1. Looking at (1) without any contact (Cβ under 8 Å) to a residue 40 or more places away in the chain; (2) surrounded by fewer than 22 Cβ atoms within 10 Å (Cβ to Cβ); (3) within 19 Å of B:S127 (Cα to Cα), which is the one condition that is false for B:D245?
2. Can you pull out the residues in region A:121-151 that are within 27 Å of the chain's Cα centre (by Cα) and on the phi > 0 side of the Ramachandran plot?
3. Can you find, within region A:83-106, the residue that is surrounded by the most Cβ atoms within 10 Å (Cβ to Cβ) among those that are free of Cβ contacts under 8 Å to residues at least 40 places away in the same chain and under 22 Å from A:L25 (Cα atoms)?
4. Between B:A112, B:A168, which is crowded, with 24+ Cβ neighbours inside 10 Å and not assigned by TED's automatic domain parsing to the domain that holds B:V303?
5. Is one or more of the residues making up region B:46-54 modelled with pLDDT of 95 or more and either within 27 Å of the chain's Cα centre (by Cα) or surrounded by fewer than 17 Cβ atoms within 10 Å (Cβ to Cβ) (or both)?
6. Using the structure shown, decide if B:D40 is at pLDDT below 95 and of a type in the set (D, E).
7. Answer yes or no: is there a residue in region B:259-278 that is among the polar types (S, T, N, Q) and in contact with a helix residue (DSSP H, G or I) (Cβ under 7 Å, 6 or more places away or on another chain).
There are 2 protein chains.
Amino acid sequence: MPTEEERPVVLIHRIPSLKQPLASLSERFTLLDPLLHSADSTHSFLSRHASSVRAILCLGPSPLTSDTLSLLPALEIVVGSTAGIDHVDLQECRRRGILVTNAGNAFSEDGADYVVGLLVDVLRRVSSIDRFVRNGLWPDHGAYPLGSTLGGKRVGIVGLGSIGSEVAKRLVPFGCSIAYTSRKKKPGVSYPFYANVSGLAADSDVLIVCCALTEETHHMINKDVMTALGKEGVIINVGRGALIDEKELVHFLVRGELGGAGLDVFEDEPHVPKELLTLDNVVLSPHIAVLTAESFAALEQVVIGNLEAFFSNKPLLSPVKLE
Amino acid sequence: MPTEEERPVVLIHRIPSLKQPLASLSERFTLLDPLLHSADSTHSFLSRHASSVRAILCLGPSPLTSDTLSLLPALEIVVGSTAGIDHVDLQECRRRGILVTNAGNAFSEDGADYVVGLLVDVLRRVSSIDRFVRNGLWPDHGAYPLGSTLGGKRVGIVGLGSIGSEVAKRLVPFGCSIAYTSRKKKPGVSYPFYANVSGLAADSDVLIVCCALTEETHHMINKDVMTALGKEGVIINVGRGALIDEKELVHFLVRGELGGAGLDVFEDEPHVPKELLTLDNVVLSPHIAVLTAESFAALEQVVIGNLEAFFSNKPLLSPVKLE
């Protein structure tokens, strides 16, 4: 362990509600957390420390704007703690040559597990059947409407990144067939590739949305895609809420023009459209698909690894390509 | 298709609440359903038709007792429509040399899918998180308690039959390690075998209960097994309620001496112990793990196949070994 004087300085950037334990980080780095250390405003705190700050750790999806970045002229790296980093002004980072890292594979497996959980839940109605039993309806109502089997379902993965690849691996033994769309065809991947999401939707029973949110992917799951997916179709979204035109999604679900949805993310979190709260073919969760005790520990290792690599001029563990 | 006169006679045996569509069966067989065709009692209906009945189709878990069997001196086969056939007096069947068949593999895949759904649900709290969101708690309560990852979990399968084998296949890509117990070691299976369930429980984080209910397996998951599994341990039961000492299970769960449970079956269905209805680490379902529109269609094929094989003296598709 470095002595206190030797520890490189890392600025913590977070929204107030995000309180993440950072014990093993603070053994290695001098952490500056404006929300903990400062009686004055974040802005003035930043102004005073700005010159010494080469690295910033962005916790969760805390928005990191060009305004904040402009207060840090010495900044060289933004270490992210999420898989998607759409909350960081990447254009400004690219312009200034600031490096950016993400959670790497820390969340891939737990995210993929949750996707499978949501899919089985929507198709087989696990949560809604649990409510049925808890409400004491079993003795009176007898049989519950039958769910639909996973075997033979055509699953279209939107974004075959680290989570999407793990989802595919898990769903093959269920007898699902896999296809995908992404910016470009992945070398060495044998699943059929679709150049656009509408084509994929037309040939799929299920869409798994797990790509990054960018200007290009904003509302990519729109009315046309939902129409192509069809009224038995199921959408699972663990990416970002704004990947889907949420207003349209609600319309499609309410009018029975989609079979169901498993949604971990929403356009205006923590706000969930109230129309969804009463639908039995929808499973809702509060942006926790990738979060477990174990994935947080894995994340900590990735964050520490990236910071140590940066401060010792070694290759970063999980750099984000800024295009 | 055989003409009406040529169709072999099959007696339908069912409890009144079980109304299964049997269209493709009635094209091939003359179905006698005492509950449909008879104004008088089942008993007298059976007495009058008894001599012509060589085959009986037992729908769902309708109890088929030695009393009923004794009314059918010509009976040669009981065609079951369930995976487990503990509701049929098998001892009496063996004594009289009556053949018995079950659902074969018709339910294996859907049953296994549901097991995985229940396991992800219990470990990652899918249903309870869905309730949390539906109750509008996300904006106020913020973060939800973290679930536990599937990767690295040691899964013990109690009964490596058709469902258990499919469960194992599905859980390997999640990073779970698999072991099992059954009456005897399965040839050609590489998962570690345990001769008894207590040993398996001691070395497992999760027990999947999916074996047949017999005198030997009644309450096999008892206090000692639950103690061996430990307070983070999870039990999934899609076999029969009476495989577990339910009273003990409730005590363990209420006292926090087990991590959680996913229960599709109960000792006194449709009665669910009321203590379970308020627990967030429990997922409940009304004995529907194997039921989908698709599995019913597959079942129909197995039932027809068994009956046709019987009436044409060919090998049965899914005979049950009566030991």
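The values are calculated or read from the model by the stated rules, or taken from the named source; none is laboratory data. Fair warning: this is a prediction, and the values are worked out from it, not measured in the lab. Every residue, glycine among them, receives a Cβ derived from its backbone with ideal geometry; neighbour counts consider all protein chains shown.
1. Single failed check for B:D245: (3).
2. Once the filter is applied, which keeps residues that are within 27 Å of the chain's Cα centre (by Cα) and on the phi > 0 side of the Ramachandran plot, region A:121-151 yields only A:R125.
3. Checking each candidate, the answer is A:V88.
4. B:A112 is the lone residue from the list that is crowded, with 24+ Cβ neighbours inside 10 Å and not assigned by TED's automatic domain parsing to the domain that holds B:V303.
5. The answer is yes; a qualifying residue exists.
6. Details: at pLDDT below 95: yes; of a type in the set (D, E): yes.
Against the criterion (at pLDDT below 95 and of a type in the set (D, E)), B:D40 qualifies.
7. Within region B:259-278 (the criterion being among the polar types (S, T, N, Q) and in contact with a helix residue (DSSP H, G or I) (Cβ under 7 Å, 6 or more places away or on another chain)), the answer is no, since none of the residues qualifies.
To keep it simple, each residue is scored yes or no on (1) touching a strand residue (DSSP E or B) at 6+ places or on another chain (Cβ under 9 Å); (2) among the aromatic types (F, W, Y).
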{"position": "A:L118", "(1), (2)": "yes, no"}
{"position": "A:V133", "(1), (2)": "yes, no"}
{"position": "A:H141", "(1), (2)": "no, no"}
{"position": "A:G156", "(1), (2)": "yes, no"}
{"position": "A:G164", "(1), (2)": "yes, no"}
{"position": "A:C176", "(1), (2)": "yes, no"}
{"position": "A:Y191", "(1), (2)": "yes, yes"}
